[in-house]
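The values are calculated or read from the model by the stated rules, or taken from the named source; none is laboratory data. The structure displayed is predicted, hence computed values, not measured ones. Heads up, the Cβs are rebuilt from the backbone with ideal geometry, glycines too, and the neighbour counts pull from every protein chain shown.
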Amino acid sequence: MRFMPNPTTPTPSALAHAAAALRAGELVGLPTETVYGLAALGLDADAVARIYAAKDRPSFNPLILHTTQSLSALHDSGIIDLQACTPRGRAACQALADALWPGPLTLVLPRGAAVPDLTTAGLDTVAIRQPRHPVAHALIELVGAPLAAPSANRSGRISPTTATAVLTELGDRVAMVLDGGPCALGLESSVVHVDPDGEVTLLRPGLIGTSTLSETLGRRVHHGTDAASRPRSPGTGSRHYSPKTPIFQLPSRISELDPERLDLLRQHCAPFSRVAVLTWNQTDAASAQDAALVEQITATAIDAEGRLSPTAQGLYATLRALDESPADLLLVEPIPPVGLAQTGLGFAIADRLSRATVPWSAAP
Ligand code: TXA
Ligand code: MG
């Protein structure tokens with residue numbers, strides 16, 4: 001246990017201090033445009049081991065290397081192995097990197113000899129991302145080596161989107177947390193597997209969805225779950241991103257439940273004293289409040305108008321706030337509604353919520 005640090009403003013001297021801590025094998029909380037990362041030297045097995053220990057992360061769940069280098073520079077430094085790819089495979093990863101880096105895209109590529117087993121959890125692939133956030137970019141450049149950085153939460157918990165949330169999760173386990181403000185995107189990067197022959201599969205949905213990937217490559221890209229023999233992403237298990245308070249996802253908005261189901265829901269809520277409902281917009285929040293499931297009910301819309309980007313940006317902070325609120329039961333309406341959940345960002349929000357919650361139909 002160490003002394004709890006405060007968020008640090010990323011001045012040039014703070015960045016130099018963070019770079020020195022990283023070079024000494026320590027952990028640093030790092031802002032990126034998606035969520036905050038828990039950074040360490042990604043090619044140093046001892047430093048990487050500290051990440052797994054700090055997060056209580058199972059060692060079968062590999063890490064993403066954050067870099068500012070191009071694919072060919074990564075190949076030259078033995079981080080990826082482009083030689084393992086056919087020309088079609090090389091063209092696919094180059095097209096994705098050219099169009100979408102720096103940004104919220106992680107590419108899973110054949111691994112080079114310089115990457116320790118622990119970073120990739122022994123897989124023969126390695127996950128790589130060029131972040132867009134200026135603080136992440138500056139720190140990687142200062143250190144001069146790729147940084148492994150999983151989301152800076154305890155394993156299975158909600159990813160942090162502010163420096164304060166990193167301190168709540170891991171404050172006693174990091175040398176410092178650089179404060180880059182609230183993350184602009186609020187959801188983790190899209191994880192995309194490019195196999196040596198150039199077959200491309202979306203393993204973890206994010207802002208960049210299958211339609212952007214398909215447009216970039218000029219051919220249809222599928223979700224990992226659609227493919228018959230899909231490459232697996234070990235960290236996308238069904239329960240993840242979870243608050244500590246019991247949290248259930250409703251099959252529809254409260255205003256759309258028939259009287260029988262509404263009554264069942266009332267019975268389900270009865271043992272709890274304070275229920276908080278998360279809704280898609282302000283109108284739904286008002287209807288949820290009116291349903292008066294229990295005496296003490298609060299309803300929150302992440303964005304008053306239910307727009308996708310602000311909803312993504314505020315999702316984790318809102319879940320975190322509800323978890324810390326006096327509510328002893330959390331209910332989530334379908335967010336976003338079914339139609340919008342088919343688009344890139346809507347799909348990603350719905351994906352995270354389905355992992356954060358238990359379906360109400362499964363409630364005891
Ligand atoms: O936006 C993000 O990606 C954030 C920021 C900090 O960059 N990082 C992040 O890392 O979300 P993490 O460790 O929480 O999630 C990484 C995901 C996990 O689901 C992991 O299983 C998957 O990427 N992954 C990593 N390496 C992989 C590989 N070689 N093959 C398949 N999946 C991999
Ligand atoms: Mg994570």
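Annotations
- The listed residues are LEU142, LEU123, and the only one of them that is surrounded by fewer than 20 Cβ atoms within 10 Å (Cβ to Cβ), more than 19 Å from the chain's Cα centre (by Cα) and either free of Cβ contacts under 8 Å to residues at least 40 places away in the same chain or part of a loop (DSSP other than H, G, I, E, B) (or both) turns out to be LEU123.
- Scanning segment 285-299 finds no residues that are in contact with a helix residue (DSSP H, G or I) (Cβ under 6 Å, 6 or more places away or on another chain) and within 30 Å of VAL192 (Cα to Cα).
- Residue in segment 269-289 that is buried (at least 16 other Cβ atoms within 10 Å of the Cβ), more than 23 Å from the chain's Cα centre (by Cα), outside any loop (DSSP other than H, G, I, E, B) and hydroxyl-bearing (Ser, Thr, Tyr) present: yes
- Only one of the numbered conditions (1) at pLDDT below 90; (2) within 16 Å of ligand 1 (Cβ to nearest atom); (3) surrounded by 15 or more Cβ atoms within 10 Å (Cβ to Cβ) is not met by LEU315, and that is (1).
- Residues (assigned to a strand (DSSP E or B) and within 12 Å of ligand 1 (Cβ to nearest atom)) located in segment 41-75: ILE64, LEU65, HIS66
- The lone criterion from (1) without any contact (Cβ under 8 Å) to a residue 40 or more places away in the chain; (2) of a type in the set (Gly, Ala, Ser); (3) more than 13 Å from ligand 1 (Cβ to nearest atom) left unmet by GLY112 is number (3).
So that you can scan it fast, the table gives a plain yes or no per residue for (1) within 16 Å of ligand 2 (Cβ to nearest atom); (2) over 21 Å from THR8 (Cβ atoms); (3) crowded, with 18+ Cβ neighbours inside 10 Å:
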residue: PRO110; (1), (2), (3): no, yes, yes
residue: ALA113; (1), (2), (3): no, yes, no
residue: PRO131; (1), (2), (3): yes, no, yes
residue: HIS137; (1), (2), (3): no, no, no
residue: SER159; (1), (2), (3): yes, no, yes
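- Restricting the search to strands (runs of 3 or more DSSP E) fully inside segment 153-204 and requiring at least 3 residues that are away from ligand 1 (no atom under 11 Å from the Cβ) gives 176-178.
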